[in-house]
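So the structure is just underneath, and the comments pick up after that.
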Amino acid sequence: MLRKIIIAACFAAVLLSAAGCDAFRRLAGRPTSAEIAAKRELILREEAAHQARLDSLKLIGQAMADSLRIVDSITALPSSIIPAGDVSGLQVSGLKYRYYVVVGAFSKEGNIEKMEGFASEKGYETVHIPFDNGFTAVGLCGTDVLAEAYASLRHIRTEEFCPDDVWVLVNE
């Protein structure tokens, strides 16, 4: 009898070492270690995806706040942002960018060339922005990004050639 118990105990020890805890978990209807590991991996992936969404929302919120600060800063300057539709007779169909820093509008070609010369000497590319009434505005630093337009406006205001009434044209 003792021999049968010893053989049964050895058989049980071999069975347990071969099957491990997963056999008992399976018998009890509980998840196995592989299923637990898969669930843990799924939870980690879902948490990472959720954190990525939160980070993305935080970046969007920061970009919106930055844009509002830029608009407030530009509005506080002696110059202003003027949509193209608010300027009568302005022809903006051929303009490449959304924003331009306008350093002057002139009726005489000589004055246009003079302003372009001042700007070109400082390394700025100039753009002619014609009006129906014969005036032509001189635009600098064309960009599609409001933050860049604001930075350009601030930098241009420090230049000697920059007039007091410099403004940002919004090509809409």
Subject >> Residues (in contact with a strand residue (DSSP E or B) (Cβ under 8 Å, 6 or more places away or on another chain) and either over 16 Å from residue 163 (Cα atoms) or in contact (Cβ under 8 Å) with a residue 60 or more places away in the chain (or both)) located in the stretch 113-127 >> reply: 125, 127
**OP:** Can you work out which of the residues in the stretch 150-165 that are of a type in the set (D, E, K, R) and part of a loop (DSSP other than H, G, I, E, B) is nearest to residue 105 (Cα to Cα)?
**Re:** 165
Original post:
When you look at residue 110, is it within 25 Å of residue 70 (Cβ to Cβ) and either without any contact (Cβ under 8 Å) to a residue 24 or more places away in the chain or outside the structural domain of residue 95 (by TED's automatic domain parsing) (or both), yes or no?
Top reply: no
**OP:** Confirm whether residue 87 is in the same structural domain as residue 148 (by TED's automatic domain parsing), at pLDDT 90 or above and surrounded by 13 or more Cβ atoms within 10 Å (Cβ to Cβ).
**Re:** no
**OP:** Kindly indicate the residue of the stretch 118-147 that is among the aromatic types (Phe, Trp, Tyr) and surrounded by fewer than 20 Cβ atoms within 10 Å (Cβ to Cβ) and also modelled with the lowest pLDDT among those meeting that condition.
**Re:** 131
Original post:
Name the residues in the stretch 20-39 that are loosely packed, with under 10 Cβ neighbours inside 10 Å and assigned to a helix (DSSP H, G or I), would you?
Top reply: 27, 28, 34
**OP:** Could you tell me which of the residues 125, 172, 160 is more than 15 Å from residue 70 (Cβ to Cβ) and in contact with a Pro (Cβ under 8 Å, 6 or more places away or on another chain)?
**Re:** 172
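The values are calculated or read from the model by the stated rules, or taken from the named source; none is laboratory data. Values in this document were obtained by computation on a predicted structure and should not be read as measured data. Counting neighbours? That spans all protein chains shown, and the Cβs are built from the backbone with ideal geometry, glycine included.
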